[in-house]
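Every number here is computed from the coordinates shown, using simple stated rules; none is lab data. Please read these numbers as outputs of a predicted model, since none were measured by experiment. Cβ placement follows ideal geometry from the backbone for every residue including glycine, while neighbour counts extend to all protein chains displayed.
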Amino acid sequence: MDSNRIIELLARKMANEATRPELEELDELMAIYPDSLHYEEVLKEIWSDSGEEKPLHNLHLNRLFEQHKLKFSEEFEPDVQEEALPAGWFKKYAGVFAIACSLFLICLAALFQLNKKAVDFDTEIVSGKGMRKKITLPDGTLVWLNADSKLSYDSDLDEKERRLVHLVGEAFFDVAHRKNRPFIVQTNKISIKVLGTAFNVKAYDLDQVSEATLLRGSIELSVNNRSQQKILLKPSEKFALTENRKTSKDKQARLRDSDDLTLKIENIAPVRIAGQDYIEETSWKDDVLVFKNESFEELKPKLERWFNVQIEIGGNVPKSYRFTGIFKNEDIKEALTAMQLIKPFHFNLKADDVIIY
């Protein structure tokens with residue numbers, strides 16, 4: 001992320017010195033990198049802490065610096081200049097000095113908050129394993145939350161210039177249109193920007209693949225930790241990001257290395273089962289689990305989330321076994337019994353633990 005440029009533009013905006021092209025560039029960067037929202041919050045805090053409502057370049061910078069020095073007293077010690085500056089120096093360079101000071105303080109604040117969430121939300125909706133929830137956000141956006149998923153947002157979402165939510169897991173969004181107020185879905189791997197549309201996002205932390213599927217409208221997608229790269233999806237297209245995990249044990253290192261990520265865009269196609277068409281990527285919101293040509297290993301996390309069980313697959317189960325089908329109202333015993341009609345295997349069910357052999 002080009003954090004230096006974002007901070008610079010934010011400082012110029014707060015100082016009322018940003019040009020129209022710079023403001024447009026800032027909006028573009030903030031949309032691509034939702035994590036940078038905390039820079040703006042920190043800068044506003046610095047301004048509000050000053051207790052004045054004048055433009056930033058008219059603030060008493062020495063007093064501002066001393067106030068924030070108290071917050072970061074162990075982080076730095078400023079150099080003291082003993083020589084007097086020429087008359088008129090401050091007035092001439094006030095704008096530049098204000099920006100430099102703001103950059104310095106924001107960087108310190110960012111370092112101070114490294115172990116905190118980029119954005120602190122006041123509302124969190126959790127859908128546990130074996131559950132699916134439908135919710136309406138404050139702006140009217142409809143969200144279907146899949147099993148083992150969590151959605152975080154602010155209760156005043158509809159009042160913000162950027163409607164930001166954070167997702168862990170899978171959700172389907174039918175976004176309420178707000179002119180010039182983008183809706184941004186942030187996950188730990190990808191970020192998606194829209195104005196009003198319907199799309200599905202799957203981004204479970206433990207899954208190797210993250211997906212975004214667009215049904216209506218358009219979305220602008222970016223991969224976290226990749227600078228200056230945007231992907232536009234059209235209706236009936238799916239984006240998939242695959243982590244090639246065998247090359248590194250360090251998750252952050254994998255995400256920084258472009259060779260360890262595979263990006264793919266393809267058209268979605270209905271799965272026809274028993275004379276009826278299903279959209280595999282979105283049927284879950286209608287309480288239908290659809291799977292096509294998937295192995296036991298690929299189905300394992302889906303079945304665990306759907307039925308709220310823990311599954312162990314024995315080494316003697318052939319990896320060549322692949323399944324296509326749907327589950328609607330079945331429990332885990334009925335589901336596995338139906339799968340036995342396709343491929344021969346045994347299973348032992350005890351409470352919420354399943355052993356397949």
With contacts defined as alpha carbon pairs under 8 Å and 6 or more residues apart, what's the relative contact order of the range 263-345 in percent? 27 percent
Protection proxy ranking, peptides 170-177, 120-127, average beta carbon neighbours within 10 Å, highest first: 170-177, 120-127
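If packing is taken as the average number of other Cβ atoms within 10 Å across a peptide's residues, how do 148-155, 333-340 rank, most packed first? Could the numbers behind the result be given before it?
Working: 148-155: 19.6, 333-340: 14.6.
The densest-packed peptide leads the list: 148-155, 333-340.
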